[in-house]
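Here is the structure we will look at.
The values are calculated or read from the model by the stated rules, or taken from the named source; none is laboratory data. Remember, it's a predicted structure, so these values are computed and weren't measured experimentally. Because the Cβ atoms are built from the backbone with ideal geometry, glycine has one as well, and the counts that use them run over all protein chains shown. Heads up: the accessible areas ignore ligands, DNA and RNA and are worked out on the full protein's heavy atoms, side chains in. Shrake-Rupley method; radii C 1.70, N 1.55, O 1.52, S 1.80 Å.
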2 protein chains.
Amino acid sequence: MPKVRVHNFSITLDGFAAGPNQRLDAPFGDLPEAELHHWMFQTRFWHEMQGESGGDEGLDQQFASRWTDNIGATIMGRNMFGPVRGPWGDEEWKGWWGPNPPYHHSVFVLTHYARPSITMEGGTEFHFVDGGPEAALQMALTAAGGKDVLIGGGAATIRQYLRAGLIDEMEIAIAPMLNGAGERLFDDVGDLRGYECAELVSSPAVVHARIVRRTT
Amino acid sequence: MPKVRVHNFSITLDGFAAGPNQRLDAPFGDLPEAELHHWMFQTRFWHEMQGESGGDEGLDQQFASRWTDNIGATIMGRNMFGPVRGPWGDEEWKGWWGPNPPYHHSVFVLTHYARPSITMEGGTEFHFVDGGPEAALQMALTAAGGKDVLIGGGAATIRQYLRAGLIDEMEIAIAPMLNGAGERLFDDVGDLRGYECAELVSSPAVVHARIVRRTT
């Protein structure tokens, strides 16, 4: 059975995925994103994503690179796709990632505003789904053709799927920093006792927690 | 300068120090305390606290045993001292720890109800402070005679001191479990950007985070 997975989602020690006052020129609001994602910027995975060579191997690389392992489609919230709010206007916005986004498969963007699909270079197609998270998941599973589906983020989108009991596995990175305020990943997500932590391990830069459904 | 420190305070991956519905026969409410403190129960520190031999050495032992290093006095909330609420009644309750509590120094209990001090075996004295957290800290610093002061807990008491900017160092243990709901340690504690994570390391059982004031 294909799984619904979350990878490379970073939170602070006090549980925040973003700071207060998220805004156009600061998608993470008042939270130093460079600190939150510091662990990832060191990895070969990240360097490759930027079209560069180099980067560290090791534990962080192992976790980061699972982001693409056997993933056939991605779902993201509208705010992860871009800063435009409300109607799409001239439809010029095509994501943060340039002409060749790092997905190379179908990406379903949750929105209240329908919009024609966009075909990018490298196999990425953006589809805009106004039928809600469960409809998007059905479409993503179909598009994935038997592979798994990644819930890319942001925090609000992951919370929606957690609350609906639709996530099978999550790999969370806990960064060595405190922010004091902001948007939590684990907030009003219902009963999580059906999940267990299958792996908890730290590199010098970050803690990785692998969370899976209980099998017993 | 003496420091104000927190040690061996355990939270879940989703940030909870206790579950919902805390009550007399379940001080941690609907949260399996044996899972939360599993890492500590394995240590030599814990075995010694029970008057037993044995227990693991290693990373968890190193962190757990700092709970007593250079600590000259302890402050705790009333709910950590016992289940009695409101007036103290017959004053029979003398803490959860039997005739010889593991403190062996002055312990200041925050309460709205004054009560005479109690001298226990082994050097522990319980003092009941109705003048608020800052008054209790002054008394504890005096009693500690140059050593550090431990803020023992629970979560609400630590939050009070964090909010007041009075904590210098915290060692938090993050247990590999999710609870979905309950009482958070880091909730409405104000701006924590004045702290940094000086150490983040995991044993097979738990993650230890050492949080200190920024020096720069």
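Simple spin-label estimate for A:Met1 and B:His104 gives 5.4 nm between the two label positions (7 Å along the Cα-to-Cβ direction from each Cα). Pairing chains A and B buries close to 2300 square angstrom of accessible surface in total, based on protein heavy atoms and a 1.4 angstrom probe.
For segment A:175-216, trypsin sites (Lys or Arg not before Pro) meeting the loop criterion (DSSP other than H, G, I, E, B) and having at most 10 other Cβ atoms within 10 Å: A:Arg214. Shown for A:Glu52: label points 7 Å from Cα along the beta-carbon vector, and their distances to the equivalent points in the other copies, 5.2 nm in ascending order. Its relative contact order, with pairs defined as Cα atoms under 8 Å and 6+ residues apart, puts chain A at 29 percent. Site pair B:Glu91 and B:Arg213 shows an inter-label distance of 3.7 nm when each label is modelled 7 Å from Cα along Cα→Cβ. When B:His7, A:His112 are compared by accessible area at a 1.4 angstrom probe, the order from most to least is A:His112, B:His7. With the helix formula -39500 (n - 2.57) applied to DSSP H stretches of n ≥ 4, chain B reaches a computed 222 nm mean residue ellipticity of -5000 deg cm²/dmol. Look at the alpha carbon pairs under 8 Å that are at least 6 residues apart: their mean separation over the length of segment B:138-214 gives a relative contact order of 31 percent.
Can you list the residues of segment A:32-72 with backbone N under 11 Å from a point 7 Å past the Cα of A:Lys147, pointing along Cα to Cβ? Hits in segment A:32-72 for A:Lys147 at 11 Å: A:68-72. Averaged per residue, segment B:73-216 has 42 square angstrom of accessible surface, using a 1.4 angstrom probe with ligands and nucleic acids left out. Annotated for the protein assembly as shown: lysine pairs at least 8 residues apart or interchain, Cα distance under 30 Å, count 6.
For chain B, excluding the exposed loop sites themselves (GluC sites (Glu not before Pro), DSSP loop, at most 16 other Cβ atoms within 10 Å), the longest remaining stretch covers B:93-216. Take A:Leu24, push a point 7 Å out from Cα through the beta-carbon direction, and compare it with the same point in every other copy: 6.1 nm, smallest first. Ranked from shortest, the separations from the 7 Å Cα-to-Cβ label point of A:Arg115 to its equivalents in the other copies are 6.2 nm.
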